[in-house]
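Read-outs: derived from the displayed coordinates by stated rules, not from any lab. Bear in mind the structure is a predicted one, so any value in this text is a computation, not a measurement. Note that we place each Cβ from the backbone using ideal geometry, even for glycine, and neighbour counts take in every protein chain shown.
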Amino acid sequence: MQTQALNNVTDLEKQNELQAAFHLFSQMSGQLEQSYKELEQRVEQLTEELATARSEKLKQLAEKEKLADQLQALHQALPVAVIWIDETKRILSANQTANDIFGTDIVDKNWQQLLEQYFNFDGHELLADDGRMFSYHQQSLVQQHGQVVILTDVTLSRQLQQSSYRQQRLAELGEITAGIAHQVRTPLASALLSIGHLSHPSVNNDLKQKSVERIKQNLHHLDKFVNDMLLYAKDGEFDNNCINISSLLHNLDVYMQQKHYPDFSFQIQQSKLLNNMVVSGSGDALLSVLISLVENASQLATESAPVNVVVKTAATETDCIINVIDNGPGLSAEQQQQIFKPFYTTREQGTGLGLAISRSIIHAHHGRLEVISAPGEGTEMQIHLKKFIAEEFLQSNSNKVTDTNVTPTPST
């Protein structure tokens, strides 16, 4: 009886354990089913996100392809030449304008050799054998270790500028015709009068000697005037060499040391930035401008009002600047508007051509000559000259750095 009771208890416990196991299995199945549903939802969500991202990527890719197509079309349609070159100077690509300039497909050719074959370089622009002129710009490509070069045909622009300037010069020459007659007539009349004294039998030797000296002075004045006019009319027809600014200023210093002007002092203060700076043009012509500006200031000196001239240099990214500064009486606003006009002078013996010639020379060198002054505060003459660009791929054996000879131009 007891044995049967124990068996019943054991069966009951097994039944309870089995029910508990089924209950736990049921719970685990429910949890597993819930996890599976959640996983399905997450997979569906990720699939949607992936589809959206893929759609966005495809859209971006289509936009980039569209942009690339637009850039390619723009690249080919640009009126300027766009040339991509690698670090070995091999041309990677070029637009149609570039090919038209060279008259052939230039891809895979050497950029250095093309330049030497088709162009000369004057320090500012590329000059083709057929007369075309091109300005250029280059930009380094850091990641690709190359460069992009842009050439712009400026032939028509330069021709229009030259035509406009030529018309201006013709107008100026017309205006100064009367001045030329006056400049010639006065010394000529004086010389004729002196010749008349020489031919008169009653004139003593002292008066004859004075007449001879007067004739010589007037003839020198005429000769100087003719030389001034020839230099003014030359207008830009100068040599095209490379001039070292340090050498130019050294020659100015040498010239001034050979002169002695009473009540006058002179010094040069050169910026270290200009030690190796080079400009293109005629060294003689540029030196004559500097001498003229310094001598103009020296002629203002008096015993009661000594004059000191300082030549200072400076530089910008594109320009070399030479300042000729004096502590003289200065110029009024009206005088500043007149001083560069031919035949305007404040000195009795001046021809009034010195500053006009100087500005013409500087203009011919792609630069400008400006004045800064005020009464009682001295005068500063500023010369701005374009730096000579000497990138490796633009260097030419014909461009040699030269020194300058001392050849002064007449002062006003």
From the Cα trace of the stretch 242-366, what convex hull volume per residue do you get, rounded to a whole Å³? 119
Cα-based Rg of the stretch 81-153 per 2.2 N^0.38 Å, rounded to two decimals? 1.04
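Taking a 27 Å limit on the Cα-Cα distance, which of the listed pairs K210/K341; K312/K387; K259/K312; K272/K387; K57/K89 fall beyond it?
K210/K341; K57/K89
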Peptides ranked, highest mean first, by Cβ atoms within 10 Å: ranges 256-269, 86-99: 86-99, 256-269
For a quick check: sort V142, V310 by the number of other beta carbons within 10 angstrom, fewest at the front. V142, V310
